[in-house]
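Engineer: Here you go, one structure.
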Amino acid sequence: MASKKLVIGASGFLGSHVAKQLVARGDDVRTLVRPTSSTRGIDGLAVEIRRGDIFDLESVRSAMRDCDVVYYCVVDARPWLLDPTPMWRTNVDGLRGVLDVAVEADLQRFVFTSSIGTIGRSTSGLADETTAHNWLDIGGEYIRSRVLGEEMVLRYSAEMGLPAVAMCVANTFGPGDWQPTPHGGLLSAAVRGKLPFYIDGYEAEVVGIEDAARAMVLAAERGRVGERYIVSERWMSTREIHQIGCEAVGVTPPRLRIPIRLLSAMSYPGSWLARLRGKDTKLTPLNIRLMNIMTPLDHSKAVRELGWDPSPTPEAIVAAAHFFREARRRCEEPL
């Protein structure tokens, strides 16, 4: 009987932590990572590493063989791309091929990493998994690709018998954010004293990376097929996040206040210039809009059905701050 656990995208922030938790509890873990991806997030783990790609379906099929659970942790989260074609290729086309393979495999669960960006906004109270998406027109290509991807996973579940569970994961913080994530990059700059300002109005749902990974593991055991779960612990402003992180490592937090409306206004000429040059920039109107477009969420379904009990996210922010400082020191050490 199949017993291996497959983590697709184990070189990423969430995927590496899922692999770590599976190994820690004694599971037989296989990972599928791209030939060009760094494995530093899983180096030293007792895992089988397969080199492959979601667009190489034979490598996907081979990796899934003898596995009963697949954790799919692949996403292109670059809403600022001038040409969104690569993002659509990963978030939709690549995912579709993996789902076709997964339907043929003898799986107990397919745990899909979705996004809180697939949840609708609420004008009264907290939004939850039943809140229909209502901001597709202003969410840009990234949000469209994520909504379509999640809908496709749930359709495969309903119509083709794929035992899928969709996990709507918030902004994650914690150690091991090597790349780093966009929000992790801001925290990294802040704790190194390289970010003189904070964005007033940038607020979002957040969760510790280890708690997010734990929710993924729990979903394989207790998640109801065809359901989605919000994986977020609380709503925080980036000013709070940076203050917590900076205080943890003894650095003065950013003092200069930049209203998000001013940053949005500043993004237009920068975005036009980027288009003229044919080069991507993260300072785009859409990217700024995504910083404050959502509303607070209710994660009680994950608590109730999965038995998820997340720790306070500030603890993960402190751990992330120490990680970024230590990672920078290692990079600066002479050879």
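Engineer: Give me the distance in nm between label points sitting 7 Å out from Cα along the Cα-to-Cβ direction at Asn134 and Met160, one decimal.
Structural biologist: Going from the Asn134 label point to the Met160 one covers 3.2 nm.
Engineer: Taking the Cα of Ser38, stepping 7 Å toward and past its beta carbon, and measuring to each backbone N in region 183-205: which are under 20 Å?
Structural biologist: The answer is 183-194, whose backbone nitrogens lie closer than 20 Å to the label point.
Engineer: Between region 171-227 and region 20-96, what is the C-alpha centre distance in whole Å?
Structural biologist: Region 171-227 and region 20-96 have Cα centres spaced 19 Å from each other.
Engineer: Give me the Debye-computed log₁₀ of I(q)/I(0) at q = 0.11, 0.13, 0.14 Å⁻¹ for the chain, equal point scatterers on Cα only, no solvent, two decimals.
Structural biologist: -0.71, -1.02, -1.19
Engineer: What number in nm² do you get for region 118-165 if you take the convex hull of its Cα atoms and divide its surface by four? Display every interim value, and only then the final one.
Structural biologist: Working: hull surface 15.2 nm².
So the Cα hull casts an average projection of 3.8 nm².
Engineer: Also, I was wondering about something else. As an exercise, use a Förster radius of 30 Å and the Cβ-Cβ distance of Arg121 and Glu305 to find the FRET efficiency, rounded to the nearest 0.05.
Structural biologist: 0.80
Engineer: Using alpha carbons only, what's the Rg to Rh ratio of region 200-335 with Rh from Kirkwood? List each step's numbers first, then the result.
Structural biologist: Working: Rg = 18.7 Å, Rh = 17.7 Å.
Ratio of gyration radius to Kirkwood radius for region 200-335: 1.05.
Engineer: What order, most packed first, do the peptides 22-32, 98-108 have when packing is the mean number of other Cβ atoms within 10 Å of each residue?
Structural biologist: Working: 22-32: 19.2, 98-108: 17.6.
So the peptides 22-32, 98-108, ranked by packing, come out 22-32, 98-108.
Engineer: Could you work out the local net charge near Asp211, counting Lys and Arg as +1, Asp and Glu as -1, over the other residues with Cβ closer than 10 Å to its Cβ?
Structural biologist: On the way: positive: Arg214; negative: Glu210, Glu233, Asp309, Glu315.
Neighbour charge sum, excluding Asp211 itself: -3.
Engineer: Please list the equivalent ellipsoid semi-axes of region 45-122, computed as the square roots of five times the alpha-carbon gyration tensor eigenvalues, in descending order and whole angstrom.
Structural biologist: Details: eigenvalues 122, 51, 31 Å².
Here the semi-axes work out to 25, 16, 13 Å.
Engineer: Starting from the 7 Å offset along Cα-to-Cβ, what nm value, one decimal, do you get for the label separation of Arg224 and Gln179?
Structural biologist: 3.2 nm
Engineer: So, one more: When the Karplus curve 6.51 cos²θ - 1.76 cosθ + 1.60 is applied with θ = phi - 60°, which whole-Hz ³J(HN,Hα) does each residue of region 170-185 get, with x for Gly and Pro?
Structural biologist: These are the phi-based 3J(HN,Hα) values: 7, 4, 9, 10, x, x, x, 7, 5, 5, x, 5, x, 6, x, x Hz.
Engineer: Among 70-77, 206-213, what's the highest-first ranking by average C-beta atoms within 10 angstrom per residue?
Structural biologist: The densest-packed peptide leads the list: 206-213, 70-77.
Engineer: While we're on this one: What ³J(HN,Hα) values, in whole Hz, does the Karplus curve 6.51 cos²θ - 1.76 cosθ + 1.60 give for region 134-151 when θ = phi - 60°, with x put for Gly and Pro?
Structural biologist: 9, 9, 5, 5, 10, x, x, 5, 4, 5, 4, 5, 6, 5, 5, x, 5, 4
Engineer: Further, regarding this structure: Take the cross-link list Lys5/Lys279; Lys4/Lys279; Lys20/Lys301 and give me the ones stretching past 32 Å between alpha-carbons. All intermediate terms of the calculation are to be shown ahead of the outcome.
Structural biologist: Working: Lys5/Lys279 40 Å; Lys4/Lys279 43 Å; Lys20/Lys301 25 Å.
Violating the 32 Å limit, Cα to Cα: Lys5/Lys279; Lys4/Lys279.
Engineer: Please give the charge dipole size of the chain, origin at the Cα centre, charges +1 on K and R Cβ atoms and -1 on D and E Cβ atoms. Round to the nearest 20 debye.
Structural biologist: Details: 41 positive and 41 negative charges, 209 e Å.
In debye, rounded to 20, the chain gives about 1000.
Engineer: For Cα pairs less than 8 Å apart in space and 6+ apart in sequence, what is the mean separation divided by the residue count of region 41-99, i.e. the relative contact order in percent?
Structural biologist: Numbers: 26 pairs, mean separation 21.2, N = 59.
Dividing the mean separation by the residue count of region 41-99 yields 36 percent.
None of the figures in this text is laboratory data; all of them are computed from the coordinates on show. Quick caveat: nothing in here was measured; it's all calculated off a predicted structure. Cβ sites come from the backbone with ideal geometry, for glycine too, and all protein chains shown count toward neighbours.
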